[in-house]
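A short reminder: the numbers here are calculations on the coordinates, not readings from a lab. Treat the numbers as computed from the prediction; the structure is a model and nothing was measured. Methodologically, a virtual Cβ is constructed for each residue, glycine included, from the backbone with ideal geometry; neighbour enumeration extends over all protein chains shown.
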Amino acid sequence: MNNPRVPFQMASERKPLKPPRKGKMLIAHVVLNVEYWPFDQPMPRKILSTPHGLEPVPDIPNYCWAEYGLRCGMPRLLKLLSDLKLPASVNLNSSVIERYPSVAEAMRSAGLDFIGHGYTQRLLHKEEDEEATIRKALDQISAFTGKKVRGWMGPGFAQTFDTPDYLKKHGVEFNLDWILDDLPCWMRTKYGPLVCMPYGFELNDSLVYAVERQSSPEVLQRLKDTLKTFGPELKTQPRVLTFGLHPHQIGVPHRMPYLVECLKILKKRADVIWMTGSQIADWYMSADPAPANL
């Protein structure tokens, strides 16, 4: 079975797109991932393996690893965004609104673009009623922000065969799960086209640090190398560069300095424009409208 949602196209076959602003070919997108890991359930991910291969509940060290991010990492990240005057998006487990209200309020006050990220940090495959869970998360975030939720990313990038249809049915305009291009692209659903938003593995702190176990400076080196590759490509086509950030990963003291340096490198570039998920979606839908046969 080939990809049933997104028609295949090599990057070299795509038509040149007009950038969001003249001379601004590199679109930088900062995305925080703010999640609720229930204390009385197995942890979604671990920093410390448990003896004998057991799944203890409660899992104190791994629960504390995640909650440290909300207690200490989030203030650091929000201050950094404020100091550098950068817009950002947040992939939000909607239950954070009720479980960590001060965190939710701080993000709303900071003007972040709220993107649905499930109800808790649990794969949609595990939900008894996937559509109801999606609707619940979207409704909860919308009620809190007073705005329509336009974007979605599933916990763990997870989608079932039906997820894109449910998302489009309930008003979602873009999703970050199908990370198969450096530019947005269109995907098919039963209810009309849906935008696939670039997100990327390579500058995602969870992949870099929790999965690959790289050293703290790795994200900085990857940014520098990414910019070398993007350099000649930006002469003819925009690119989206996304930082996927988790407060318990990048928000720890020994990694924050490298994130600061990454953002300052991009701030110094004349060809960079900083955008939220909704802003990127608006630009793309205008620059490359959905084909009539999709």
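At a glance:
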quantity: Segment 1-71-segment 241-286 distance, computed between alpha-carbon centres (Å); calculated: 14 Å
quantity: Loop GluC sites (Glu not before Pro), segment 48-132 (other Cβ atoms within 10 Å of the site Cβ: 11 or fewer; DSSP); calculated: Glu128
quantity: DSSP loop chymotrypsin sites (Phe, Trp or Tyr not before Pro) with at most 11 other Cβ within 10 Å: longest gap in the chain; calculated: 9-160
quantity: DSSP-assigned coil residues among trypsin sites (Lys or Arg not before Pro) in segment 247-290, each with at most 10 further Cβ atoms within 10 Å; calculated: Lys268
quantity: Average Cα contact separation per residue, the chain, under 8 Å, 6 or more apart, as relative contact order %; calculated: 27 percent
quantity: Dipole-positive endmost among His125, Ser109, Val96 within segment 76-131 (Cβ charges, Cα centre); calculated: Ser109
quantity: Violating pairs (Cα-Cα greater than 23 angstrom) within the set Lys46/Lys85; Lys85/Lys136; Lys148/Lys168; Lys79/Lys168; calculated: Lys46/Lys85; Lys85/Lys136; Lys79/Lys168
quantity: Helix runs (DSSP H) in the chain reaching 20 Å along axis by Cα, Kyte-Doolittle at least -1.0; calculated: 130-145, 218-233
quantity: Lys85 paired with Thr50, simple spin-label distance in nm, labels 7 Å along Cα-to-beta-carbon; calculated: 4.8 nm
quantity: Spatially proximal lysines relative to Lys228 (Cα-Cα < 18 Å; intrachain offsets below 8 disregarded); calculated: Lys24, Lys264, Lys267, Lys268
